[in-house]
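Colleague: Input: one structure, supplied below.
Derivation of every value follows stated rules applied to the coordinates shown; laboratory data play no part. Predicted model, so just to flag it, every value in this text is computed and none were measured. When we count neighbours, we look across all protein chains shown, and the Cβ atoms used for this are built from the backbone with ideal geometry, even at glycine.
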Amino acid sequence: MQPSLDSLLRASLRTFTAYKPGTSVDDVRRRFGFERPVKLSQNENPLGTSPRALEALRAVASLSDYVEDDHLALRERLARPYGLAIDNVVLGHGSNELLALAFSVFVDPGDQVVIADPTFSLFRKDAQVAAAETVAVPLRAGVHDLDAMLRAVTPRTKIVFVCDPNNPTGTRVERDALFAFAAALPPGVLLVLDQAYREFMDPGGADGVDVLRRRPATLVLRTASKIYGLASVRFGYGYSSPEVIAWLNRVRLPFNVARPAAVAVLAALDDEAFVARSLDNNVRGKAQLMAAFERLGLHAYPSAANFVAVEVPCAADAAYGALLERGVIVRSGDGLGMPRRLRVSVGTPDENAAFLAALEALLPVWRGQTVEAGSA
Ligand code: PMP
């Protein structure tokens, strides 16, 4: 007999909405026939992958053995720039895995977590899987409202998430404000600082490790997916106190970091030339996009990341769909809590120009103006 899934399913999942990854290039090829769509939807590195990482991957001779599960060399390499120790570092199958792991280790059903709104959608999703209650605090002018988030903390709060820079807005918090916030949080609350885009920040931004030094119940999450162009090997890492790290390591799956990921990341970490080129491309590309938005009268939040959240004069889904038909993939803000904005990753100069040309062509339609035949 067919089991009833309704009674089989965990109660916390009955209203569950799945995480939607961005539209894939293959999908746009299939649906619209574009040979090379411009993809600015998943905040990837437009320059590709660190050449040093690719070289190291090519030299992998065998994958038959299980990896050394504690990855000592890699953790030592990640700890070194900060003067931290191996037991301050945990590795994950993407930083996404470490987020889920923090719930497995610290959050019971009915506990609360505090997040910003909008912020990275996985925080809410993971909370739902854990049957935890999400308290969402609206951003103020696009930025985490740290005072309001502090007021939202109750004795039931287990984790407070600060995404810095924030996805999907690209905004960051001020360093001093973050230090004050961290100092005021009750010591029994874990502060998770998701810094997937940390490398792209300007010098005014906070380094989560400086928060960790002041407040041990802090978990700083980073990733190799963005700056090193390694999204598909799946590698993320976290810094925290030895006590937090030990628990994350006890609960995580064995061998969660595959050898190709470990080998590629160890090489990428020394690829200073690729990092410098990537940062340079990002600074220039952001300036190119922001200047065009200003000329076109479109508001965009100041971005500390490798993407921008730009306002459009129509529903985000409609703008996203119209751009898709022109071979440009961006992320609609509709499913991200920004119904009148698009999230656009910074691409190469040519990709940015292709997006801007499509945007400019569509704007008059969106603004409801009639374009006269033959007008410039
Ligand atoms: N955190 C944030 C805020 C992100 O935007 C992303 C990328 N979507 C991640 C984490 C995921 O990183 P990873 O690829 O390491 O799982």
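Colleague: When a footprinting reagent is the concern and you count Cβ atoms within 10 Å, what order do 207, 270 take, fewest first?
Modeller: In order of increasing Cβ crowding within 10 Å: 270, 207.
Colleague: Sticking with this one: Among the helices of the chain (complete DSSP H runs), which have Cα atoms covering no less than 24 Å along the helix axis and a Kyte-Doolittle mean of at least -0.5?
Modeller: 272-296, 349-366
Colleague: If you average 1/r across every pair of different Cα atoms in the range 61-268 and take the reciprocal, what Kirkwood value do you get, in Å?
Modeller: 17.2
Colleague: With contacts defined as alpha carbon pairs under 8 Å and 6 or more residues apart, what's the relative contact order of the range 1-151 in percent?
Modeller: Relative contact order here is 20 percent.
Colleague: Sequence neighbours fewer than 8 away in the same chain don't count; with that in mind, list the lysines whose C-alpha is under 21 Å from residue 39.
Modeller: 20, 226, 286
Colleague: Still on this structure: Can you pull the three principal axis extents for the Cα set of the chain, in Å, largest first?
Modeller: Over the chain, Cα extents along the principal axes are 69, 60, 50 Å.
Colleague: Considering amide H positions built from the backbone, and no H for Pro or chain starts, which residues 5 or more places from residue 137, or on another chain, come under 5 Å of its amide H?
Modeller: Those qualifying (amide H under 5 Å, at least 5 residues apart or on another chain) are 115, 116, 117.
Colleague: By counting other Cβ atoms within 10 Å of each Cβ, how are 144, 93, 299, 71 ranked from fewest to most?
Modeller: Ascending Cβ contact count within 10 Å gives the list 299, 93, 71, 144.
Colleague: So what's the Cα pair-distance distribution over the range 150-266, bin width 10 Å, in %?
Modeller: That works out to 13, 41, 35, 11, 1, in percent per bin.
Colleague: Can you tell me the FRET efficiency between residue 35 and residue 77 if r is taken as the Cβ-Cβ distance and R0 is 51 Å, rounded to the nearest 0.05?
Modeller: Efficiency at R0 = 51 Å is approximately 0.80.
Colleague: Just need the relative contact order of the range 61-268 here, percent rounded to a whole number, with Cα pairs under 8 Å and 6+ apart.
Modeller: Relative contact order comes out at 26 percent.
Colleague: Treating only the Cβ of Lys, Arg, Asp and Glu as charged (+1, +1, -1, -1), what charge dipole size does the chain show about its Cα centre? Round to the nearest 20 debye.
Modeller: Approximately 340 debye in magnitude.
Colleague: For a quick protection proxy, order the peptides 178-189, 194-205, 156-167 by their average other-Cβ count within 10 Å, most packed first.
Modeller: 156-167, 194-205, 178-189
Colleague: While we're here: Summing -39500 (n - 2.57) over the DSSP H runs of n ≥ 4 in the chain and dividing by its residue number, what mean residue ellipticity at 222 nm do you reach, to the nearest 500 deg cm²/dmol?
Modeller: -11500 deg cm²/dmol
Colleague: Sticking with this one: Can you give me the C-alpha center-to-center distance between the range 243-298 and the range 2-56, rounded to a whole angstrom?
Modeller: Comparing the Cα centres of the range 243-298 and the range 2-56, I get a distance of 18 Å.
Colleague: I've got another one for you. Suppose a student asked you for the relative contact order of the chain, using Cα pairs under 8 Å spaced at least 6 residues apart; what percent would you report?
Modeller: Worked out over the chain, it gives 22 percent.
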